[in-house]
Amino acid sequence: MPKLELLLLFLLFSPSIFSVSDGRTVARRPANQGVSPPIRAVNLGGWLVTEGWILPSLFDGILNKDLLDGTQLQFKSVTQNMYLCAEQGGGTILVANRTSASGWETFKLWRIDENTFNLRVFDNHFVTVASDGATVVATVASPGAGEAFHLVRNDDQTRARIRAPNGRFLQARTRDLVTADYDGSSTNWGDDDPSVFVVTRVGGLQGEYQICNGYGKAKATQVLRQHWRTYIVENDFKFISTSGLNAVRIPVGWWIASDPNPPAPFVAGSLQTLDNAFKWAEKYNLGVIVDLHAAPGSQNPYEHSASKDGSQEWGATDANIAQTVKVIDFLTNRYKRSPSLLAVELLNEPLAPGASLPALMKYYKDGYDAVRKYTSTAYVIMSNRLSASNTELLDFAGGLPGAVVDVHYYNLFTSDFDGLTVQQNIDFVRNSRSAELATVTRQNGRPLTFVGEWVAEWKVQGASDQDYQRFAQAQIDVYGKATFGWAYWTFKNVNNHWSMEWMINNGIISLNNN
Ligand SMILES: *[C@@H]1O[C@H](CO)[C@@H](O)[C@H](O)[C@H]1NC(C)=O
């Protein structure tokens, strides 16, 4: 971007010209304090909100770590050679008469301990034993002791028996009759045992809920505190500040606001860690974007919203929205005096239709007001809903001074990128993404725009370092036109290209000379 344009942008969007809607002129950010757009940031993903794929070893100490909350299992009766199924998706009996498995044949775990689980079916009911003491049904809305099933697996963990709370094993008596009345206490796991099922694991989550509940409170506290202390340290902030970056986006979870007594299974200590982050950011003159990545009830079904089992309940009630606003209120109040408080991001990646547009706009308005109670200079970032129109927030957010709309751009996750070559990926960024960003970015700068997540990774196999360099540079060029700025996902990652630290250290991304 030519220098003159940059200067104009800077003047236009400098926080010093914010004015609130009632016409009152708001305080200027003190001179030489704080960071202003254009923002070049990196996300500190996998630090205060766990995502297993970023650092899988965090889960290594969990017993039966393949059976965490939200793990999806399918069970095929060896005697019937048919899948176990919640007839009608739930609300009635279990049967064993399906030749193939999909939604109704999938059971989600709620973990009680490493061997004991509630089994949640497609329509969200839980499996239990009917009052006749034998018939297995999926009719319970919220599980208790009567819904605690014990999974007993064979040595290679490909087969399992399911022991009901009555002490007896489930058996497929016939294809249409599944009962909890099999007495055989031992088995040779053979195909003649009606209580034996072949187990297939078809999905699972490795988020904050899973790691905390998987370890249990005492061990989770120990493991996570160690992680928080060592994963990102002061030296990382120094590195970031000398690498041509001027801010960090820090994902946090809603439980941080009730530190030191967060609701189970979450554990205390992430707030102290965020305090440290601010201290280091101040020392190295970096801005901090506090990003509410996991909201109560989960705003999307992914592990990064700390979903328990893939269900998504955020925004369903006014009370839930008010609870989320309180988290924003708490965080803004806590850091309002820090010159490093660059922005508060109200919610990461809400997903329709769970997060309805009216619920989201109500929350964004209330969340915006909560931030403005304490600061007139911090930006307020509003994430676009995933898979929704990328312009749906513009009119709304455009009316709120200092509001920023966040879009996330990955050449991944959809089939659009299947089979694209290196050059096609780069062209996509330079043409399609560039046009998309232009439709979100209004010339008057209201709202500002932020590419809050992107990465130089793609579906191309075996690309060279030079290919990656060109891909990263294309994105830096295009996302540099976002009026607030951009943030790479993420700073550290066992997958090298997802680690900005690795990309900088290996010369694939260099910002100081461009
Ligand atoms: C499975 O069994 C139930 C109960 O008898 C029956 O209603 C249903 O039609 C059966 N489904 C199949 C695919 O056989």
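The numbers here are math on the coordinates, done by the rules we state, and not lab data. As the structure is a prediction and not an experimental result, all values here were calculated from the model. Heads up, the Cβs are rebuilt from the backbone with ideal geometry, glycines too, and the neighbour counts pull from every protein chain shown.
Taking the Cα centre of segment 328-466 as the origin and placing charges on Cβ (Lys, Arg +1; Asp, Glu -1), which of I381, G452, A370 is farthest toward the positive end of the dipole?
Ranked along the dipole, the leading option is A370.
As an exercise, use a Förster radius of 60 Å and the Cβ-Cβ distance of N506 and R175 to find the FRET efficiency, rounded to the nearest 0.05.
Given R0 = 60 Å and the Cβ-Cβ separation, E is 0.55.
Sorted by packing (mean other beta-carbon atoms within 10 Å per residue), highest first, where do 150-160, 80-90, 190-200 land?
Descending mean neighbour count gives 80-90, 190-200, 150-160.
One quarter of the convex hull surface, Cα atoms only: what value does that give for segment 144-191 in nm²?
4.0
What FRET efficiency comes out for the pair S387/T200, r = Cβ-Cβ distance, R0 = 25 Å, nearest 0.05?
0.35
Computed FRET efficiency, Cβ-Cβ of A218 and S356, R0 30 Å: what is it to the nearest 0.05?
The formula returns an efficiency of 0.15 here.
Arranged from highest to lowest average of other beta-carbon atoms within 10 Å per residue, in what order do the peptides 310-317, 274-281, 376-383 appear?
376-383, 274-281, 310-317
By how many nm would the segment from N431 to Q272 grow when fully extended, if each residue of separation counts as 0.36 nm and the alpha-carbon distance is taken off?
52.9 nm
List, in order, the whole-Hz ³J(HN,Hα) value for each residue of segment 226-239 obtained from phi through the Karplus relation with A = 6.51, B = -1.76, C = 1.60 and θ = phi - 60°; use x for Gly and Pro.
Result, rounded to whole Hz: 4, 4, 4, 6, 10, 6, 10, 10, 3, 4, 5, 5, 5, 4.
Can you work out D for the chain in µm² s⁻¹ from Stokes-Einstein, where Rh is the Kirkwood radius over C-alpha pairs, the temperature is 37 °C and the viscosity is 0.692 mPa s?
It comes out at roughly 133 µm²/s.
Taking 0.36 nm per residue of separation and subtracting the Cα-Cα distance, what length does fully extending T158 through D318 add?
Result: 53.1 nm gained on full extension.
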